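Notes follow the structure.
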Amino acid sequence: MLASRAFSLVGKRAISTSICVRAHGHGAAGVVKAEDFSLPAYVDRRDVPLPEVAFVRDLSAQQKALKEKEKASWTALSVDEKVELYRIKFNESYAEMNRGSNEWKTVLGGVLFFLGVTGLILIWQKRYMYGPVPHTFSDEWLSMQTKRMLDMRINPVEGISSQWDFEKNEWKK
């Protein structure tokens, strides 16, 4: 949900700062319609419980009659009329905003897809790009290299030679 909100905000910002919406047909090509972001806008968000404007801006005749009826006693209103009044002001209730979505499945699928593609690239690189493992990685070579370092007494203060007991010919315990 957070990702969809972020992408929707980025998308709105990209649309508002770019060419926006081009009208097509009947010689109207080139006409650009830009949304005015200086005016208050309706937003369904949990952290903003009361949006700046109502969800429905242009009321029908039935909705206008209901708004007039709202000014009287609310006990005279039916439950359906109260719900209709709520839907004029708000698009979603808190329960609808808080309900879970299946977006996590899409995100997880995308992450696993890209991990799979990355794994295939690594397997391809290991098979076709890299040569054989150098002989210097063999256990035999490493033991000869360690013996040579000990014979040369490399770094006797804190290094490998400080861990070797030269009198007993074994590693210090």
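The values are calculated or read from the model by the stated rules, or taken from the named source; none is laboratory data. Keep in mind that this is a model prediction, so the values were computed, not measured. Ideal geometry is used to build each Cβ from the backbone, glycine not excepted, and the neighbour counts take in all protein chains shown. Areas reflect the complete protein model, heavy atoms only, side chains present, ligands, DNA and RNA absent. Shrake-Rupley method; radii C 1.70, N 1.55, O 1.52, S 1.80 Å.
Inside segment 42-66, can you point out the residues that are among the small types (Gly, Ala, Ser) and either modelled with pLDDT under 90 or within 15 Å of Asn91 (Cβ to Cβ) (or both)?
Residue satisfying the conditions is Ala54 alone.
Do any residues in segment 138-154 that are within 18 Å of Lys172 (Cβ to Cβ) have Cβ atoms under 7 Å from those of residues that are in a helix (DSSP H, G or I), where the two are at least six apart or on different chains, and which pairs are they?
Going by the 7 Å Cβ cut-off, the qualifying pairs are Met149/Ile160; Leu150/Ile160; Leu150/Ser161; Arg153/Ser161; Ile154/Ile160; Ile154/Ser161.
Could we say that Ser161 is exposed (fewer than 10 other Cβ atoms within 10 Å of the Cβ) and either of a type in the set (Gly, Ala, Ser) or in a helix (DSSP H, G or I) (or both) here? Reasoning before the result, please.
Details: exposed (fewer than 10 other Cβ atoms within 10 Å of the Cβ): no; either of a type in the set (Gly, Ala, Ser) or in a helix (DSSP H, G or I) (or both): yes.
It is false that Ser161 is exposed (fewer than 10 other Cβ atoms within 10 Å of the Cβ) and either of a type in the set (Gly, Ala, Ser) or in a helix (DSSP H, G or I) (or both).
All but one of (1) modelled with pLDDT under 90; (2) open to solvent by 100 Å² or more (accessible area, probe 1.4 Å); (3) within 21 Å of the chain's Cα centre (by Cα) hold for Asn169; which doesn't?
Here Asn169 meets the rest and fails (3).
Just to check your reading of the model, which residue among Ala41, Ala54, Ala65 is in a helix (DSSP H, G or I) and either among the hydrophobic types (A, V, I, L, M, F, W, C) or at positive phi (or both)? Explain how you work it out, then say what you get.
On the way: Ala41 fails: in a helix (DSSP H, G or I); Ala54 fails: in a helix (DSSP H, G or I).
Unique residue meeting the criteria: Ala65.
Step by step: first the residues of segment 136-155, then only those that are in a loop (DSSP other than H, G, I, E, B) and not hydrophobic (A, V, I, L, M, F, W, C), then the one that is surrounded by the most Cβ atoms within 10 Å (Cβ to Cβ). Which residue is that?
Taking segment 136-155 as the starting set, the residues that turn out to be in a loop (DSSP other than H, G, I, E, B) are 138, 152-155.
Going one step further and asking which of them are not hydrophobic (A, V, I, L, M, F, W, C), we end up with 138, 153, 155.
Values: Ser138: 11, Arg153: 13, Asn155: 11.
For segment 136-155, the residue satisfying everything is Arg153.
Would you pick out the residues in segment 124-135 that are of a type outside the set (Phe, Trp, Tyr) and surrounded by 10 or more Cβ atoms within 10 Å (Cβ to Cβ)?
Gln125 - this is the single residue of segment 124-135 that is of a type outside the set (Phe, Trp, Tyr) and surrounded by 10 or more Cβ atoms within 10 Å (Cβ to Cβ).
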